[in-house]
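The values are calculated or read from the model by the stated rules, or taken from the named source; none is laboratory data. Owing to the predicted nature of the structure, the values given are computational and were not obtained by experimental measurement. To get the accessible areas, we keep the full protein, side chains included, count just its heavy atoms, and leave off ligands, DNA and RNA. Shrake-Rupley method; radii C 1.70, N 1.55, O 1.52, S 1.80 Å.
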Amino acid sequence: QVQLVESGGGLVQAGGSLRLACVASGRTFTSYTMAWFRQAPGKERAFVATVTWSGDYIYADSVKGRFTISRDNAKNTVYLQMSTLKPEDTAVYYCAAVPRGAYRVAVTTVSAWGQGTQVTVSS
């Protein structure tokens, strides 16, 4: 089983930027597609972005053009660069590991979650 630890959340004004990082340990990092999800108060956990072991990526429509996901396999780390942040981006952000070969990246196919990091965007 892989263990995930996130960092980088905080409070930022609208239009600002933050970078989240997630360090993995315990299993071969490249065995996993990595993803970020977020959960706002009173809402379900939602997909944000994903990156395969080879660097292919997909974004939720709500963050396209503003967020960038990347991974460094040598450092067992996945990043989420968030720019032009909006108040509606406020949420707890979770790093997630999905086994390679899973039919899709979704809450139901995640095999490991990080503890979550709070991102708050003020207007």
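Hey, if you drop one equal point scatterer on each alpha-carbon of the stretch 46-88 and run the Debye formula without solvent, what base-10 log of I(q)/I(0) do you get at q = 0.17, 0.33, 0.34 Å⁻¹?
Log-scaled intensity ratios, in q order: -0.47, -1.25, -1.29.
In whole Å, what three semi-axes, largest first, describe the equivalent ellipsoid of the stretch 1-122 built from its Cα gyration tensor (square root of 5 times each eigenvalue)? Present the calculation step by step, with values, prior to reporting the outcome.
Values: eigenvalues 101, 40, 36 Å².
They are 23, 14, 13 Å, listed largest first.
Heavy atoms only, probe 1.4 Å: what % of the accessible area of the chain goes to carbon and sulfur, would you let me know?
Details: 3090 of 6250 Å².
Using a 1.4 Å probe with all protein chains present, the chain comes out at 49 percent carbon and sulfur.
Translational D (Stokes-Einstein, µm²/s) of the stretch 1-69 at 25 °C and 0.890 mPa s when Rh comes from the Kirkwood sum over C-alpha pairs?
Numbers: Rh = 13.7 Å.
After rounding, the answer is 179 µm²/s.
For the chain, calculate the relative contact order in percent as a whole number, restricting contacts to Cα pairs under 8 Å that are 6 or more residues apart.
Once divided by the residue count of the chain, the mean separation gives 36 percent.
Please compute the per residue accessible area over the stretch 1-88 with all protein chains in place, 1.4 Å probe, rounded to a whole number of Å².
So the stretch 1-88 comes to 53 Å² accessible per residue, rounded to a whole number.
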